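K.L.:
Provided herewith is a single structure, encoded as structure tokens, for subsequent inquiry.
What follows is calculated from the coordinates using simple rules that are stated; it is not laboratory data. Quantities reported herein were computed from a predicted structural model and do not represent experimental measurements. Glycine also receives a Cβ, built like all others from the backbone with ideal geometry; neighbour counts cover every protein chain displayed.
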Amino acid sequence: MKAYRFTLADDDPNMLFLMHYMLSHAFPHSSIASFSSAEDALRHILDTGTDILITDHAMGSMNGAQLVRRLRDLKSEIPIIMISGNPAAREEAHLAGATEFLDKRVGMKVLEATVRSLIHAWGPEERP
């Protein structure tokens, strides 16, 4: 199984734990970097890269939509999943350039299926 580089950004430690746990079991040879702030996640992505970003919408001084917008302004084409407990954030996520938006209440199985779908469609090994 191919190893992927995942970056997680969420200020909720329980959500970070659940996402990390799910990804580590679904993609056992992959690396997973978890951050409680969008700024730290952005710095990590710019320094080391990532194959997929999963970010919360509402976080500290930089929210998930701002993180997505910043990456898209830098011409990053990585798949980005934005999650939020506020379904009204869906439009903001898509306008910012998020690939997918999920309500936090959908559960880890839906998140895993979405990640698998993006990996299949995008194929990080084929990126320019």
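K.L.:
Translational D (Stokes-Einstein, µm²/s) of the chain at 37 °C and 0.692 mPa s when Rh comes from the Kirkwood sum over C-alpha pairs?
P.N.:
230
K.L.:
So, one more: Note down the magnitude of the dipole of the chain about its Cα centre, charges +1 on Lys and Arg C-beta and -1 on Asp and Glu C-beta and zero elsewhere, to the nearest 20 debye.
P.N.:
In total the dipole reaches around 220 debye.
K.L.:
Would you compute, from DSSP H runs of 4+ residues alone, the mean residue ellipticity of the chain at 222 nm, taking -39500 (n - 2.57) per run and dividing by the full residue count, rounded to the nearest 500?
P.N.:
-14000 deg cm²/dmol
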